[in-house]
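Take a look at the structure set out below.
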Amino acid sequence: MLSVPVLDLNKKKVGELEVPENLLKAEIRPDLLQTVVRWQLACRRAGTVATKTKGLVRGGGKKPFKQKGTGNARQGSSRSPLMPGGGTAFGPQPRDYSYTLPRKVKSAGLRIALSYLNSEGRLWVVDELGSDGKSKNLISTLKKFGTVKSLIVDDAANLKLKRAARNLTSYKFVASQGLNVFDLLKYDGCVISKAALSQLAERLGEKNAD
């Protein structure tokens, strides 16, 4: 087990929290981080791009000119890909870019991302992330941790904290149930509540270690 200092909202130590060592002391594996981030970005792709084939372009039912005697190559439709205003041959069509990733790889990537932030001194465990729902007060609180762009992690039931962070561009609220590698690496630091870290410890602790 690993003892993690627990801070208050003034960045003063108020206690410690015991978490599995593999949660915050995992070996830093850039290759695994890249694998998980690429999977996340692929799943986010819309895949809605589409072009019209000759069967989708309006018109073209009439033969543009007679079969013989014009000196032109024979054509059966003015919407052929060979004609101006015609359809597109082999153009992109809607598709799904997502693919499956083993659960152990996703869990390992999350542990590695947390361990990386912890090793850099950019992971702060807070006793309680209380909020009155005001963005201005939340910003002044978070600036005490010395970061201007950070992730805020707490339980999804903390609706006031979610509301306070909703309009902020430099801070993002993420529920502990939806914490992911991409967001952890995108922001400069992570302020996480003790309860949220305990939930992650149960989900990603020793029993789920590779």
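The values are calculated or read from the model by the stated rules, or taken from the named source; none is laboratory data. For clarity, every value in this text was computed on a predicted model and none was experimentally measured. Positions of Cβ are backbone-derived with ideal geometry, glycine not excepted, and every protein chain shown enters the neighbour counts.
Are any residues in the range 8-48 over 17 Å from Leu185 (Cα atoms) and in contact with a Gly (Cβ under 9 Å, 6 or more places away or on another chain), and if so, which ones?
Taking the range 8-48 and keeping what is over 17 Å from Leu185 (Cα atoms), we get 8-22, 43, 45-48.
Those that are over 17 Å from Leu185 (Cα atoms) and in contact with a Gly (Cβ under 9 Å, 6 or more places away or on another chain): Leu9, Lys11, Val19, Pro20, Asn22.
Need pairs with beta-carbon distance below 7 Å; first residue modelled with pLDDT under 90 and within the range 45-68, second part of a loop (DSSP other than H, G, I, E, B) and not small (Gly, Ala, Ser); sequence gap 6+ or separate chains.
Going by the 7 Å Cβ cut-off, the qualifying pairs are Gly59/Arg79; Gly60/Lys54; Gly60/Arg79.
From Asn10, Asn22, which residue is in the same structural domain as Ser140 (by TED's automatic domain parsing) and either without any contact (Cβ under 8 Å) to a residue 12 or more places away in the chain or assigned to a helix (DSSP H, G or I) (or both)? Walk me through how you get there before you give the answer.
Working: Asn10 fails: either without any contact (Cβ under 8 Å) to a residue 12 or more places away in the chain or assigned to a helix (DSSP H, G or I) (or both).
Of Asn10, Asn22, the one residue that is in the same structural domain as Ser140 (by TED's automatic domain parsing) and either without any contact (Cβ under 8 Å) to a residue 12 or more places away in the chain or assigned to a helix (DSSP H, G or I) (or both) is Asn22.
Which condition from (1) basic (Lys, Arg); (2) surrounded by fewer than 13 Cβ atoms within 10 Å (Cβ to Cβ); (3) within 23 Å of the chain's Cα centre (by Cα) is the one that Lys136 breaks?
It is condition (3) that Lys136 fails.
Let me spell it out: the conditions are (1) at pLDDT 90 or above; (2) more than 24 Å from Leu33 (Cα to Cα); (3) small (Gly, Ala, Ser), and Ser198 meets all of them except one. Which number is the exception?
(2)
Being under 16 Å from the mean Cα position of the chain (by Cα) and within 30 Å of Leu56 (Cα to Cα) is the filter; apply it to the range 91-123 and report the residue that is surrounded by the most Cβ atoms within 10 Å (Cβ to Cβ).
Among residues in the range 91-123 that are under 16 Å from the mean Cα position of the chain (by Cα) and within 30 Å of Leu56 (Cα to Cα), the one surrounded by the most Cβ atoms within 10 Å (Cβ to Cβ) is Ser98.
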